1. In Å, the Kirkwood hydrodynamic radius of the chain over pairs of distinct alpha carbons?
2. For segment 67-177, what is the accessible area per residue in Å² when the probe is 1.4 Å?
3. Please identify every one of the GluC sites (Glu not before Pro) in segment 204-294 that sits in a loop by DSSP and has no more than 13 other beta carbons within 10 Å of its own beta carbon.
4. Helix-only estimate, please: 222 nm mean residue ellipticity of the chain, summing -39500 (n - 2.57) across DSSP H runs of length 4 or more and dividing by its residues, to the nearest 500.
5. Going by average Cβ neighbours within 10 Å, how do the peptides 157-163, 35-41 rank, with the highest at the top?
6. I'm a student and want to see the number: the projected area of the Cα convex hull of segment 174-264, averaged over all directions, in nm².
7. Rounded to the nearest percent, how much of the accessible area of segment 99-160 (1.4 Å probe, protein heavy atoms only) is carbon and sulfur?
8. Would you tell me the accessible area of Y61, worked out with a 1.4 angstrom probe on the heavy atoms of the protein chains, in Å² to the nearest 10?
Amino acid sequence: MKRLAVAVLAATLFAVPAFAQEIVIKFSHVVAPATPKGKAADRFKELAEKYTDGKVKVEVYPNSQLYKDKEELEALQLGAVQMLAPSLAKFGPLGVREYEAFDLPYIFPDKAALRKVLDGDVGKQLFAKLEDKGIRGLAYWDNGFKIMSANSPLLVPDDFLGLKLRIQSSKVLEAQMKALGAVPQVMAFSEVYQALQTGVVDGTENPPSNMFTQKMHEVQKHATISNHGYLGYAVIVNKKFWDELPEEIRAALDKAMVEATAYANEIAQAENDKALAAMKASGKTEFHEQTAEERAAWMEALRPVHDEVAERVGKDLIQSIYQATGAAN
Ligand code: LMR
């Protein structure tokens with residue numbers, strides 16, 4: 001916190017005043033540049049600078065260079081950075097628990113169902129919940145469905161018993177791992193590789209693009225292509241900063257964001273497919289495709305999580321997701 005306070009002070013002292021020529025947007029994120037989010041952030045930079053004729057400079061800081069998961073949200077609220085794209089699983093500690101509904105196992109049958117929810121009323125209502133935290137939501141960017149990895153095969157739910165598995169800071173993910181008999185450990189993304197390497201945790205879950213670019217496949221012997229849950233992002237800005245921008249600048253940035261979002265959601269699946277293929281080719285991790293029986297057993301073990309966390313994330317929200325996705329629940 002002390003480091004953060006110093007960083008905030010420095011950022012405040014040296015920030016370019018609003019009336020000066022160049023407006024700087026510091027866009028901090030925790031993943032590698034060669035991921036769906038990393039590429040989309042770079043695309044946003046390119047478009048934002050182009051559409052504002054260089055009046056706005058976007059500085060992208062990948063790989064937790066500036067802040068780790070929890071710190072980056074604090075930094076955004078304090079105005080030390082202006083833009084982030086945390087995963088939807090990371091909004092609980094901010095007091096917006098509803099986003100954890102997106103972590104529910106098997107809640108989205110496919111990406112089309114997911115987009116229907118995020119691009120519809122639910123997505124808008126959830127953005128509205130960020131406003132009194134000093135945050136404005138701009139867009140939702142895709143990553144993909146998660147796979148589960150460890151140093152032992154994860155075929156049936158019993159294979160999870162007693163394994164220490166790293167999770168993001170989401171109570172739904174905590175309930176998910178517990179439902180499988182595992183021991184969940186919340187940990188910042190930047191610490192996962194080392195924790196896997198040294199055995200602090202036994203395994204984790206992530207879409208292939210994150211697993212590959214963090215080299216997790218080099219320290220995980222097994223992975224199951226379970227696609228049991230979703231990981232995607234909310235692109236958010238410091239509300240005060242955004243509201244105080246000259247109108248024509250905001251309009252240009254909105255246009256850049258619309259295009260960067262289309263790009264993000266267009267490349268996400270292919271990036272994950274490529275990452276999975278590269279990891280398979282490396283031969284370091286053994287990838288397991290689930291049989292219908294195995295998938296059914298996972299679903300049966302994980303389905304109770306929906307009811308368990310309904311109170312926390314909102315029964316009505318879960319029902320509206322079921323309705324939008326056409327799930328018979
Ligand atoms: C994670 O912490 O596993 C992910 O949220 C990282 C990310 O931003 O994709």
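1. Result for the chain, one decimal place: 20.3 Å.
2. 33 Å²
3. The qualifying sites are E244.
4. Calculated at 222 nm, the ellipticity per residue is -13500 deg cm²/dmol.
5. Result, highest mean first: 35-41, 157-163.
6. Computed as one quarter of the Cα hull surface, the answer is 8.3 nm².
7. 53 percent
8. Rounded to the nearest 10, the figure is 50 Å².
The values are calculated or read from the model by the stated rules, or taken from the named source; none is laboratory data. Worth saying up front: this structure is predicted, and the values here are computed from it rather than measured. Backbone-built Cβ (ideal geometry, glycine too); neighbour counts: all protein chains shown. Accessible surface areas use protein heavy atoms only, side chains included; no ligands, DNA or RNA. Shrake-Rupley method; radii C 1.70, N 1.55, O 1.52, S 1.80 Å.
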